[in-house]
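> First, the structure itself, so that you have it in front of you.
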Amino acid sequence: MANINCVGILTSGGDAPGMNAAIRAVTRSAIYNGLEVKGIYRGYKGLITGEVVPFKTNNVSNIIQQGGTILKTARCDEFKEPDGRQTAFETMKREGIDALVVIGGDGSLTGARLFAQEYDVPIVGLPGTIDNDLYGTDTTIGYDTALNTIMEAVDKIRDTATSHERLFFIEVMGHDAGFLALNGAIAVGAEAAIIPEISTEVDQLEELIKNGFRKSKNSSIVLVAESEVTGGAMGMADRVKKEYPNYDVRVTILGHIQRGGSPTAHDRILACRMGAAAIDALLEDQRNVMIGIQNDTIVYVPFSKAIKMDKPINRDLLNILRILSI
Ligand code: ADP
C-alpha cells in the first residue's frame, strides 16, 4: 500500500466538459479512502504560486453537470523550465501534498511525466480533452460532449445549406486529430470528413469533387478537422474558389462552442469511473500512468505511451461515411 496521505488535484491545458465530474470523483474517492484532498487552482500555475485549497466533499457538490472546470485551467510556461518545476515541488512539500492527479491533454501529461521523473512524485493522469487524441483510452473526457455539440450545430447549418444549395466547409477542433471531424461527419450525415491522418495519402478535396458530391442532394456538408496540414476549412474553401469557381462555398468555424456545455451522460460516467480509478491506482502504488478505459475496462497506460504513441483512427468509419453519402 502506498504511503500517501494527501492528494492534490489540478486541471491543466485546454478545458473539456466532464472535468468537473472528474474533480468530484477524485475528491470523493480520496476522502472515502481516508485521504486528504487539496484543490490546486489554474493548473501548474497554481502549483507554482501556491493557489491551494483544502477540499471537502461539499467543495465538489452540484458540479457534476457543469461544463468547464471549477479549478480553472491555465497554460503555464514557467512549468516548462526547471526553476518553475522546483518551485512547484516546494509548494507540494509545504502543503503536505504527497501525490497528484492531473486532468488534461497531452501537454499536461507531458509536464506531469517530466515532473514525476525529476522529483519522484507519484502522479496519475486523467485524459481530459475534447480532441480524443490520447493513446490508450477508447475515449477521453469531453470528447462525447463536443461531438454532440458539433452534431447540434451542424444540423442547424444544414437547414441554411439546403435552402441556398451551398457547399459548406465546417471546421471542428481536433488539434491535428480527425476524431471529431470523422465521427461528427457520420453523426450528421455529412458528405465527407477532411482529416489530417490521411492527408498525405489522398487529396481529399479532389476525391470529393471527383465523386461529384451527393448527387441526389442539393447541398453539401463537409467537416474539416482544424489542422495546419490540411489548411482547415478556410484552406479548403480557398482551393475550391480557385479551382472550381462554380461552387457556392461557405465556411463555418465552430470554435470554442465545442469546449462548453453540460457534459453528456457518457462523459460524466467516464469521468466518475476514471476519477475513482485514479485514487485506486495511487493506493496500489501505481505512478506515472494515465487512466484509460478500453473495451469498458479500466487500464493503466504509462505516460510515455499515452503521449508518444499515435492513436489510430478507425478506417472502417471512413468507408461507412463514403458508402452512406452516395
Ligand atoms: P493540453 O494539456 O490541453 O495538451 P498544453 O499543451 O497547453 O495543453 O499543456 C498544458 C500545460 O502543460 C502547459 O502550459 C505547460 O504548463 C505544461 N506542459 C506542456 N508541455 C510541457 C513540457 N514539455 N514540459 C513541461 N511542462 C509542459
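The values are calculated or read from the model by the stated rules, or taken from the named source; none is laboratory data. Computed from a predicted model, the values in this text were never measured in an experiment. Glycine gets a Cβ as well: all are built from the backbone with ideal geometry, and neighbour counts include every protein chain shown. Side chains included, ligands, DNA and RNA excluded: accessible areas come from the protein's heavy atoms. Shrake-Rupley method; radii C 1.70, N 1.55, O 1.52, S 1.80 Å.
> Mind telling me which of the residues T252, T264, T230, T200 ends up being more than 21 Å from I170 (Cβ to Cβ) and polar (S, T, N, Q)?
T200
> Listed residues L321, L283; which is open to solvent by less than 40 Å² (accessible area, probe 1.4 Å), closer than 15 Å to A99 by Cβ and in contact (Cβ under 8 Å) with a residue 60 or more places away in the chain?
On the way: L321 fails: closer than 15 Å to A99 by Cβ.
Only one candidate qualifies: L283.
> For D138, all conditions in the list (1) assigned to a loop (DSSP other than H, G, I, E, B); (2) within 11 Å of the ligand (Cβ to nearest atom) hold save one; what is the number of the exception?
Among (1) assigned to a loop (DSSP other than H, G, I, E, B); (2) within 11 Å of the ligand (Cβ to nearest atom), D138 violates only (2).
> Within region 25-38, which residues are among the small types (G, A, S) and surrounded by fewer than 22 Cβ atoms within 10 Å (Cβ to Cβ)? Steps first, please.
Looking only at region 25-38, we keep the residues that are among the small types (G, A, S), and these are 25, 29-30, 34.
The answer is G34, and nothing else.
> Also: Cβ contacts < 6 Å: first residue closer than 14 Å to G39 by Cα, restricted to region 60-87; second residue near the ligand (Cβ under 8 Å from one of its atoms) and among the hydroxyl-bearing types (S, T, Y), any location; separation 6+ or different chain. Result?
Between residues of region 60-87 that are closer than 14 Å to G39 by Cα and residues that are near the ligand (Cβ under 8 Å from one of its atoms) and among the hydroxyl-bearing types (S, T, Y), the close pairs are T73/S12.
> For region 18-56, give me the residue count where each residue is of a type in the set (A, V, I, L, M) and under 13 Å from C6 (Cβ atoms).
Filtering region 18-56 down to residues of a type in the set (A, V, I, L, M) leaves 19, 21-23, 25-26, 30-31, 35, 37, 40, 47-48, 52-53.
Subset that is under 13 Å from C6 (Cβ atoms): 26, 30-31, 35, 37, 40, 52-53.
Count: 8.
> Here's a follow-up. Which residues, taken from region 1-24, are away from the ligand (no atom under 16 Å from the Cβ), closer than 23 Å to P263 by Cα and open to solvent by 10 Å² or more (accessible area, probe 1.4 Å)?
Matches in region 1-24: R24 only.
> Kindly list, by first and then second residue, each pair from a residue in region 258-273 that is farther than 18 Å from V299 by Cβ to a residue that is open to solvent by 70 Å² or more (accessible area, probe 1.4 Å) and assigned to a loop (DSSP other than H, G, I, E, B), limited to pairs with Cβ atoms under 9 Å and residues at least 6 apart or on different chains.
The qualifying pairs are S262/Q66; P263/Q66.
> Further question: Output yes when any residue across region 100-109 is more than 10 Å from the ligand (Cβ to nearest atom), buried (at least 24 other Cβ atoms within 10 Å of the Cβ) and of a type outside the set (G, A, S), and no when none is. Break it down into steps so the answer makes sense when it comes.
Of region 100-109, the ones more than 10 Å from the ligand (Cβ to nearest atom) are 100-101.
Keeping just the survivors that are buried (at least 24 other Cβ atoms within 10 Å of the Cβ) gives 100-101.
Filter once more, so that each one left must be of a type outside the set (G, A, S): 100-101.
Yes, the conditions are met somewhere in region 100-109.
> Go through (1) buried (at least 17 other Cβ atoms within 10 Å of the Cβ); (2) in contact (Cβ under 8 Å) with a residue 60 or more places away in the chain and name the single condition Q117 misses.
The failed condition is (1).
> So, one more: Looking at the structure I just gave you, is I123 of a type in the set (V, I, T), more than 10 Å from the ligand (Cβ to nearest atom), open to solvent by 40 Å² or more (accessible area, probe 1.4 Å) and touching a residue at least 40 places away in the same chain (Cβ under 8 Å)?
Numbers: of a type in the set (V, I, T): yes; more than 10 Å from the ligand (Cβ to nearest atom): yes; open to solvent by 40 Å² or more (accessible area, probe 1.4 Å): no; touching a residue at least 40 places away in the same chain (Cβ under 8 Å): yes.
Here the answer is no, as I123 does not meet what is asked.
> Now, a different point. Can you find, within region 50-98, the residue that is nearest to the ligand (Cβ to nearest atom) among those that are open to solvent by less than 40 Å² (accessible area, probe 1.4 Å) and under 29 Å from A265 (Cα atoms)?
We begin by selecting, within region 50-98, every residue open to solvent by less than 40 Å² (accessible area, probe 1.4 Å); these are 50, 52, 55, 60, 63, 67-69, 71, 74, 76, 79, 84-85, 88, 91-92, 96-97.
Going one step further and asking which of them are under 29 Å from A265 (Cα atoms), we end up with 55, 60, 63, 67-69, 71, 74.
Numbers: F55: 22, V60: 21, I63: 20, G67: 16, G68: 14, T69: 12, L71: 14, A74: 7 Å.
Looking at the filtered set, the residue picked out is A74.
> Follow-up. Right, T162: more than 12 Å from the ligand (Cβ to nearest atom), modelled with pLDDT under 95 and β-branched (V, I, T) or not? I'd like the intermediate steps shown before the answer.
Details: more than 12 Å from the ligand (Cβ to nearest atom): yes; modelled with pLDDT under 95: yes; β-branched (V, I, T): yes.
When the stated conditions are applied, T162 passes them.
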